[in-house]
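Have a look at the structure below, then the notes.
Quick note: the coordinates plus some simple rules give every number you see, no bench work behind them. These numbers were taken from a predicted model, which means no experiment stands behind them. A quick note on method: Cβ atoms are made from the backbone with ideal geometry, for glycine too, and the neighbour counts reach across all protein chains shown.
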């Protein structure tokens, strides 16, 4: 609270840059968690902006009408305010700058957010997503894969979950040896197990790890045996793919630092494939350029298309999707297991594995399934949420839109397969906001161990049950469980022209660019009405029966 | 029959048809006077029937004795025919070439086509100017229908009946016509019922370098202004282009002579530039090997989306003048047959809910494009694969349809029709069995006796069986003015046309079917519930005497 210099400013104008006549006047309030703008209009419309969602606050030179202040949010909303007094503007700026940059976890919103749940419900909520149940859904443990206690108390790898699934044939010594030969101990473990119900009966798997510590010549027989064990866990296949999601040059450069990639001569029967997804720094710059394009004042079509090209954003999205397509094809069409890694195995690897899983398994295209997938491939496997999404004031070089890209890949797939996903675009956008907002505990910290040490389950609330309760808002009206698109593997086209600018996400800087009518909302309303009609129909049909019994009157339908 | 002379080899067996994203078909290729037909002679296999008029260009190549003809169509599809035998291939190629470039209009397919359906409503009689005028008369008495152009001598590209201000006599109209390019004097295009403001259209005034003026022209357009009101002249050309036009006898309205009008210049491109833009766009869309950078840079370089934006922006401006400013508008470019019509017709879609119904949209196309003298035959002679010397080809109408699609996409519930109608119109404007888009103006169509010798497109479209395909299931009549966003990120590539043949549309078609299904199921339920409610109400009234003690 000590940060708030001016809790209330009157006669503030909220500006709509594209349609100035839609600008409104109201009162601005600063609370410890939100900036709130209440319009003076009859309706007293309120706009709430969470401090933790604020990306930056910029003050423009004071002019005759007041002091302009621009609040840019991590979910790409931009609020343009005009504050009558320069002093008030400076106060708001100073307050917001401090409030939006917490330095310690304890200051995050999730620790004060209290939706009035009792202790029991809160604990139950944290059990809503259960990864053990998810592996069991995949058929794990089985005669080929089992759980290992090797990472109990995170002693093997502090950024991995404590429960790891490995080939049964891998001995404890091999597991420990392999971990020693991998960057940060992130050894190859199971991410997804594909049981094919078709005549092929493929049982290929997707495993993940970090890069091996090969340098120019080092090798580890344990690590080689580990890969051998993974390959052998797929009895019908004679080789396995190692997908290095980095550009080959980057992978080679890592050898100088004692890291690198698998030597095909040392590992029997592996095929190494580079995909060429760029690193987090390239992605961060790319997204910034994309955001800048969205903020151009009155861009011509050329400005926009040139900016889109120059940002490179869609090229990177295509690279991530291509990685997923390669892995899914290997697993589903060729029945070959795949080990995926990048450098640390927590960014590009998470993207590639989860995109492949969405393509392979219809479950991950449901609302619950996507939650499970994020919990498994991202949260449990140590994707560094707090670093990547700048939850705390920290190293700006650690920030990168890795998850944004995964969500966008799913969105691009939704454009090609409109009936394949149970959720709508709104769900993805909501997830995106929550990843940045720190309202719930799910995405706080950088790995499972850190979350345990922060006692998040006791001190914060889980997002998943909250989203699940409101799932009606996020459903895709075109989704039907018995539709052909909801079955089997998705095979998207990844030609350049198939990728679109995600207007729902990046086109939000200006209110007036928002879509006017949404077919999805319209269809959802129709479906809701149909449901009510169905109910009315069945109740009507019961009435005559009662009458029939009671009074002996016949109904001629 | 002269076609026979052009067909050296009417039939070849063992021809293989290859199309992207579709299975290959092997079968017999037949050439008739108007069609290229490929049939596998098996049941359940789709046959290919391609109008020669739809063929934009062909390429042939040989590997040994196997010849390949690449046929590029005006609807943008590209097909490949593998023909065994070099001589057969050469013969087929030269026949296609000859048959697809016939010069004489009267040899076109519409003159030979006999419909397999019964014409219930003759499309040639569906839209008569007198009918539209009756509607106008019910709202205002300030306009009259003039027959000054009944023999097309005042303006060859105008129809015989024109709506003009009541107080302007025919003699003045003739004088004004002599002051406008091609005799296209200002006429009424649209009357905005809400406030009585109007859109008029014309061609450029012939001011020339010495600033000629014409009192009758000034009087004509001033007659549309209420006392003390100002109007806007939207010149679709940049000021520079308009200045240059003076040297060729054209020009623009001088402020001094039109003091009640404010002139605004916009920058809609000329026809030849638009054609070039289409060629580049389609080239970009057809290369699947493009990297993302190359694709985006080619899309940008084609300028197609920029053209869409400029046209829509100008249309919004016209609509804004009418609805927001309460001012009347006169639109013109150079000839008044291209960009002018894009602007006036799109402004009406924005302003007038009637234009967003199927019938109203047909009326709009009939009135603002066909009757208004857009030279369809010249503009649509060649499409995106035209490699020869171009004459006056330009995708002016296609751009209009693209703009309509953009608005439709932004207001998916406000149109009675769907994208299929727009795509169908694009196809038929370029190649058709119907006579509707033949000729360049009303006078030409009369000479060709199209209404007697050919079937109208509308006769076919308006059959209930066909209409169904064009109905938008999401339609909820909306009586408001709809303001489309013209921000670049709101304007998309029209995939339904430009990527139509470059991807499988199975999943998108399924989604559409799903949408139709949801809405039809809802209607079905509503009917059931309503009928049950009625029965219940009836039962209650019948029972009530029994139940009341």
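A few notes on this one:
- Shown here is the pair-distance distribution of the stretch A:355-461: with all Cα-Cα distances grouped in 5 Å bins from zero up to the longest one, the shares run 2, 12, 21, 25, 18, 13, 7, 2, 0 percent.
- Taking the number of Cβ atoms within 10 Å of each Cβ as an exposure proxy, the fewest-first ranking of A:435, A:140, B:83 is A:140, A:435, B:83.
- Neighbour-count order for A:498, A:101, fewest beta carbons within 10 angstrom listed first: A:101, A:498
- In this entry, the stretch B:166-262 is assigned a mean projected area of 6.3 nm², taken as a quarter of its C-alpha convex hull surface.
- Across chain A, C-alpha contacts under 8 Å between residues 6 or more apart give a mean separation that, scaled by the residue count, equals a relative contact order of 14 percent.
- Considering the protein assembly as shown, its Cα convex hull presents a mean projected area of 56.6 nm².
- Exposure proxy order (Cβ contacts within 10 Å, fewest to most) of A:44, B:374: A:44, B:374
- Two-decimal log10 I(q)/I(0) for the stretch B:350-447, as the Debye equation yields it once each C-alpha is a single scatterer, q = 0.10, 0.13, 0.19, 0.20 Å⁻¹: -0.29, -0.48, -0.96, -1.05
- At 0.692 mPa s and 37 °C, Stokes diffusion of the stretch B:468-549 via Kirkwood alpha-carbon radius, µm² per second: 183
- Pairs of alpha carbons in the stretch B:4-102 whose separation is greater than 21 Å (percent): 24
- The value given for the stretch B:280-435 is a Kirkwood hydrodynamic radius of 16.8 Å, derived from the mean inverse Cα-Cα separation.
- P(r) weight above 37 Å for chain A, C-alpha pairs, percent: 38
- Applying D = kT/(6 pi eta Rh) to the stretch A:8-101, where Rh is the Kirkwood radius over alpha-carbon pairs, T corresponds to 20 °C and eta to 1.002 mPa s, the Stokes-Einstein value obtained is 163 µm²/s.
- Mean-position separation - Cα centroids, the stretch A:181-228 and the stretch B:306-385, in angstrom: 62
- The stretch A:75-174: proportion of alpha-carbon pairs further apart than 22 angstrom, %: 64
- Three principal axis extents describe the C-alpha atoms of chain B; from largest down they are 96, 77, 52 Å.
- Over the protein assembly as shown, DSSP H runs of length four or greater, each weighted -39,500 (n - 2.57), average out per residue to a 222 nm ellipticity of -12000 deg cm²/dmol.
- Computed from the Kirkwood radius of its Cα pairs, the Stokes-Einstein diffusion coefficient for the stretch B:407-549 at 20 °C and 1.002 mPa s stands at 108 µm²/s.
- DSSP beta bridge pairing in the protein assembly as shown, given as percent antiparallel to the nearest 5: 75
- DSSP bridge pairs, the stretch A:121-507: antiparallel proportion in percent, nearest 5: 45
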